[in-house]
1. Evaluate the following for L2: is it at pLDDT below 95, farther than 22 Å from E176 by Cα and not basic (K, R)?
2. Could you list, in sequence order, the residues of the range 153-181 that are within 16 Å of A124 (Cβ to Cβ) and β-branched (V, I, T)?
3. So, L8, is that one of a type outside the set (V, I, T), under 20 Å from L177 (Cβ atoms) and modelled with pLDDT under 95 or not?
4. Residues of the range 100-126 being within 13 Å of L144 (Cα to Cα) and surrounded by fewer than 16 Cβ atoms within 10 Å (Cβ to Cβ), which ones?
5. Would you check which residues across the range 129-172 are in a helix (DSSP H, G or I) and hydroxyl-bearing (S, T, Y) and list them?
6. Checking G38 against (1) surrounded by 20 or more Cβ atoms within 10 Å (Cβ to Cβ); (2) part of a loop (DSSP other than H, G, I, E, B); (3) not hydrophobic (A, V, I, L, M, F, W, C): exactly one of these is not met. Which one?
7. Filter the range 145-193 for residues that are farther than 24 Å from L256 by Cβ and in contact with a Pro (Cβ under 6 Å, 6 or more places away or on another chain) and give the result.
8. Residues of the range 44-76 being in contact with an Asp or Glu (Cβ under 9 Å, 6 or more places away or on another chain), in a helix (DSSP H, G or I), closer than 23 Å to E142 by Cα and not basic (K, R), which ones?
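The values are calculated or read from the model by the stated rules, or taken from the named source; none is laboratory data. Please read all numbers here as calculations on a predicted model, not as lab measurements. Methodologically, a virtual Cβ is constructed for each residue, glycine included, from the backbone with ideal geometry; neighbour enumeration extends over all protein chains shown.
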Amino acid sequence: MLAYQDLLERPQSDHLVQFHSADEQALAKNVERYVAAGLRAGDGIILIGTPEYTSARVAQIEESMGSLDAMKSSGQLQLLDGRLTLERILLDGNPSAEAFDRVVGSMIRDLRARSPSGLRVVEAMGGMLWADHQYSCAASLERLWHQMVELRDCSLFCAYPIDIFNREFEPRVVDELLCAHTHLLPACDPGKLKKALARAIEELAEEAAKEARQLRFNAAWGEIPSAEATILWLRERIPQAQSVIELARSYYRKSLEPAVFNMTLSAYAAQALEEFCMTNALSKDEVVALVVDMHGSDAVYEFLCPRCGKTVQPGYTAIDSTAAGMNAHLDSDCVMVKAASAVGG
C-alpha cells in the first residue's frame, strides 16, 4: 500500500489536505477511502461541505457499503452545510476562536466521546474561503482546525480548489497552507503525474532535470509528494516553468485516456493468429497475455468484425479481464475463429 493510502485508511492525529482542481476524481476516491475505512472501523465521521458535495460523497460510499441511513440516525455519520457553518464562526469576516469552539468544537467533543475508536472530519470550508479569494481567512481557519486536531485526538481531511498545474500553486501562495497541514496528499495519480513531469522536463528543461531530482523543501511545511514538490521547485528555479508544467498537464491528461487498439480481423488475420499459436506453441490465452504486456493494463481493445463490418468493443480492459472472458469474445460469432470459418469455409 502506498504511504498516502495508509494515511487515508489509518490516520493518526493527521491534518491532511488535497488540492483537487487538477483531478476531481482523485479527490472523490480519496474521500471515499478515508470515510469508508473510518465507518468500517467504527469511527465517528463529520462531513462539512455544500449539500451537493456531501450528498455526492455519501452516495459514492453507499455504492460499496450499502445504505448509511443507520449510521446517520445513530449520529456516527454527521453532515454539515459548510456555508451555514462558516456564517456561524466568522466574526467581522474572520474566524472567531470562540465561535469555532462553540459551533465546531462542541460537536467534535461530543462525537469523539461517543467514538472510542476515533474521529475523522472531512471539511471544505477552508476551500470555500479560498475560492472566495479570502486566503488569509482560510489560513486562520486552518490554524484553528490544527489546534482542534491536536487537542481532540482526531484526524482531518481538508480539500482546496487549487490546480497544481496553474500559477496559483507556487511557494509564496500556498506557503501558509503547507505549514498548517501535516501532509499534502497527491492531487493526481502519483505514478502518472511523475512520468508526465519527467517527460516534460526532459523535453523543455533538460539541463534542470538532474538538479530537479535533488529537491530541498521548506522545513516548516508538512510532508509533500515528490511530484508536487517538483512543480514547486520548477516555479522557483526555471524561467520556462509554466511551459514545462502545461506540457506535463497535457501528458497527464493523455495518460488518463484509455488507449484503444483497433484490430481489423480479416479471415487471413484470423488464420494467421491460429498459425502463430501453432508455430510458437502458444494458446490464445498466452497470446492475449503478450498483447497485455505490450500495450499496458489500461488498454481497451476494439475489434472490427470482418463479416458485418461492425466495430465491437467487448467492454473489458486488460486489467480486469480474464482469459476466459477474452476467449468468450474471441470465440463469438463476430470475430476470430468463427469469422475465419465463416469466410474461409
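1. Values: at pLDDT below 95: yes; farther than 22 Å from E176 by Cα: yes; not basic (K, R): yes.
Yes: the conditions hold for L2.
2. I162
3. Working: of a type outside the set (V, I, T): yes; under 20 Å from L177 (Cβ atoms): yes; modelled with pLDDT under 95: yes.
So L8 passes the test.
4. Result: R102, single match.
5. Initially, the range 129-172 is screened for residues in a helix (DSSP H, G or I), giving 129-131, 135-152, 171-172.
Y135, S136, S140 - these are the residues of the range 129-172 that are in a helix (DSSP H, G or I) and hydroxyl-bearing (S, T, Y).
6. In the conditions (1) surrounded by 20 or more Cβ atoms within 10 Å (Cβ to Cβ); (2) part of a loop (DSSP other than H, G, I, E, B); (3) not hydrophobic (A, V, I, L, M, F, W, C), G38 misses (2) alone.
7. S155
8. Passing the criteria: P51, T54.
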